[in-house]
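Values in this text are rule-based calculations from the coordinates and carry no lab data. Remember, predicted model here, so these are calculated numbers, not experimental data. Positions of Cβ are generated from backbone atoms using ideal geometry, with glycine treated the same way; all protein chains shown enter the neighbour counts.
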């Protein structure tokens, strides 16, 4: 059966006016979510609407606009990352019909964008579930992208009336939250897990909806590690400003009294040292991850931190006395180690048991190193050590 | 880029081969190729590759797989320590996370 393409706006209950408007699909949105719609992003990806048995479905572009690109960049740099969402519901790519495939994803707009771009040239349905604006994997881990929500969306958007077949394709990484047999039992829909990456959807379809082992493996190449680095860079938030300022203030103390001259010079060096340690852990270590020896991220970070400290020492940035130099080694090493350990959260291969084991020794060591270094450094402010 | 392995011998993954019905679901969902089929039943091939995501256990209908799953994320564990809860990256409350 063919659907009537309407192209224009429809007097759909609940849908707001305006160009592109807020997207409420299938006429199923309840009042509360419709109010929330104001928060949801829509960068004009809707190109029209299709009438279906289960309601009016927005037809969307399968390419990225410059705004999508710009917003993707912003989100990678943590600007508005936690509120970058699309409205849950059914969307159409191309002109799908009752036999077209259904791809399920979360409502983090970055996930949605990658999926629709991967479907370019195909006719398919997209079912966006409410993963609270979180990416598929993290949401599945938390249970937000879970069996319950998938079942709920299948029901409230009347997927059974939209299509004749009973298959839905989910991203493989959602399997952490979704039990395929439960979805089948509750809705009659069979779950097929697709590839890890949306960009592999076409080979997956070509192979008869089978993801080869290569498509099922998650890898962590340099490009992907780089994409995740900015997230950890802002881990320190306002401390990144406050801590260097405190160091500058302390740098002014000398055994002879307070000196504003010392506060700035050599005070500026402390800022350089602090940021070097910080970035050694959250940029350098992730970037060079597979090439740094050790399995523990904290040791990788420590090694990189000390390497950086040696460099800083050769540039005369770590001070002149032995105490001050050792203090900086301790602080830079501890800081770098801690930030590197944080990257376990971005990595794709660290287990909870492993991270717990690593932290049991690493965290006390890091805290001791930084405190000892700090104490040593403050001591050098007031004495001739 | 092959073979990122984290700490060896710590993973809580366990498979009861007696219960396995050979549906291959664990193989399909595992992102690290931990499982392999042997005589129409699943076996654990690379235990140390496991990141305890829990996808296999979740999708094992006969319940043959047990794993203590959770976020392998230092920030999440610290969050849990501070609040006295299980490790959680706490994405939904607007804090930064994974």
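Taking Cα pairs under 8 Å and at least six residues apart, what relative contact order does segment A:234-385 come out at, in percent?
27
Principal axis extents for chain B, Cα atoms only, whole Å, descending order, please.
Reported extents, whole Å, longest axis first: 47, 32, 21.
At q = 0.21 Å⁻¹, work out log10 I(q)/I(0) for segment A:167-269 with the Debye formula, treating every Cα as an identical point scatterer and leaving solvent out; two decimals please.
The calculated log intensity ratios at q = 0.21 Å⁻¹ are -1.05.
Would you mind telling me the antiparallel percentage of the DSSP bridges in chain A, rounded to 5?
Working: 15 of 27 bridges.
The antiparallel proportion sits near 55 percent.
For a label point 7 Å from the Cα of residue A:275 along Cα→C-beta, name the residues of segment A:226-250 whose backbone N is under 12 Å from it.
Those under the cut-off are A:240-241, A:244-245.
Could you work out how far helix A:66-76 tilts from the main Cα principal axis of chain A, as a 0 to 90 degree angle to the nearest 10?
The angle comes out at about 40 degrees.
Using per-residue counts of other Cβ atoms within 10 Å, averaged over each peptide, order A:188-195, A:336-343, B:59-66 from highest down.
Ranking the peptides A:188-195, A:336-343, B:59-66 by packing returns A:336-343, A:188-195, B:59-66.
Build a GNM of chain B with springs between Cα atoms under 10 Å: which of B:20, B:50, B:73 gets the top mean-square fluctuation?
B:73
How large is the translational diffusion coefficient of segment A:62-168 in µm² per second when you combine the Kirkwood radius over alpha carbon pairs with Stokes-Einstein at 10 °C and 1.306 mPa s?
Working: Rh = 14.3 Å.
Diffusion coefficient, whole number: 111 µm²/s.
What angle, in degrees between 0 and 90 and rounded to the nearest 10, separates the Cα long axis of helix A:109-118 from the longest principal axis of the Cα atoms of chain A?
60
Which three semi-axes in whole Å describe the equivalent ellipsoid of chain A, each the square root of 5 times a Cα gyration tensor eigenvalue, listed largest first?
The equivalent ellipsoid of chain A has semi-axes of 52, 23, 16 Å.
Sorted by average packing, counted as other Cβ atoms within 10 angstrom per residue and highest first, what order do A:232-242, A:373-383 take?
So the order, starting with the most tightly packed, is A:373-383, A:232-242.
Estimate the FRET efficiency between residue B:82 and residue A:374 by the formula 1/(1 + (r/R0)^6), using the beta-carbon distance for r and 25 Å for R0, to the nearest 0.05. Present the calculation step by step, with values, prior to reporting the outcome.
Values: r = 21 Å, r/R0 = 0.85.
E between residue B:82 and residue A:374, to the nearest 0.05, is 0.75.
Report relative contact order for chain B in percent, whole number only (criteria: Cα-Cα under 8 Å, sequence separation at least 6). Kindly include the intermediate steps, with their values, before the conclusion.
Numbers: 152 pairs, mean separation 23.7, N = 98.
About 24 percent, as a whole number.
Can you bin every Cα-Cα distance in segment A:242-385 into 5 Å intervals starting at zero and give me the percent of pairs per bin, rounded to whole numbers?
2, 11, 19, 22, 17, 12, 8, 5, 3, 1, 0
Please compute the length gained on full extension between residue A:76 and residue A:207, using 0.36 nm multiplied by the number of residues separating them and subtracting their Cα-Cα distance.
43.9 nm
In peptide A:138-149, what is the residue-averaged number of other protein chain Cβ atoms found within 10 Å of each Cβ? If you can, show how the numbers build up before the last one.
On the way: counts 6, 3, 4, 13, 8, 1, 2, 0, 1, 1, 0, 0.
Mean inter-chain Cβ contacts per residue within 10 Å come to 3.
From the P(r) of segment A:319-385, can you give the percent of Cα pairs sitting at distances over 21 Å?
36
List the equivalent ellipsoid semi-axes of segment A:31-216 in whole Å, largest first, each obtained as the square root of 5λ for an eigenvalue λ of the Cα gyration tensor.
Calculated on Cα positions only, the semi-axes equal 22, 19, 18 Å.
Could you tell me how far the Cα centroid of segment A:90-115 sits from the Cα centroid of segment A:321-348, in Å?
Distance between centres, Cα-based: 44 Å.
To the nearest 500 deg cm²/dmol, what mean residue ellipticity at 222 nm is calculated for chain A from DSSP H runs of n ≥ 4 alone, each contributing -39,500 (n - 2.57), summed and divided by the residues? Walk me through the intermediate numbers first.
Numbers: 17 runs with 183 residues, N = 385.
Roughly -14500 deg cm²/dmol at 222 nm, from the helical runs in chain A.
Grab every C-alpha pair in segment B:14-67, bin the distances at 5 angstrom width from 0 up to the longest one, and report whole percents.
P(r) for segment B:14-67, in whole percents per bin: 4, 25, 38, 26, 7, 0.
Roughly speaking, what is the centre-to-centre gap between segment B:1-66 and segment A:147-188 when only Cα atoms are used, to the nearest Å?
23
Report, to the nearest 10°, how far helix A:297-314 tilts away from the longest principal axis of the Cα atoms in chain A, using its own Cα long axis and a range of 0 to 90°.
For A:297-314 against chain A, the angle is about 50 degrees.
Enter the mean number of other protein chain beta carbons within 10 Å of the beta carbon of each residue in A:171-184, as an integer.
5
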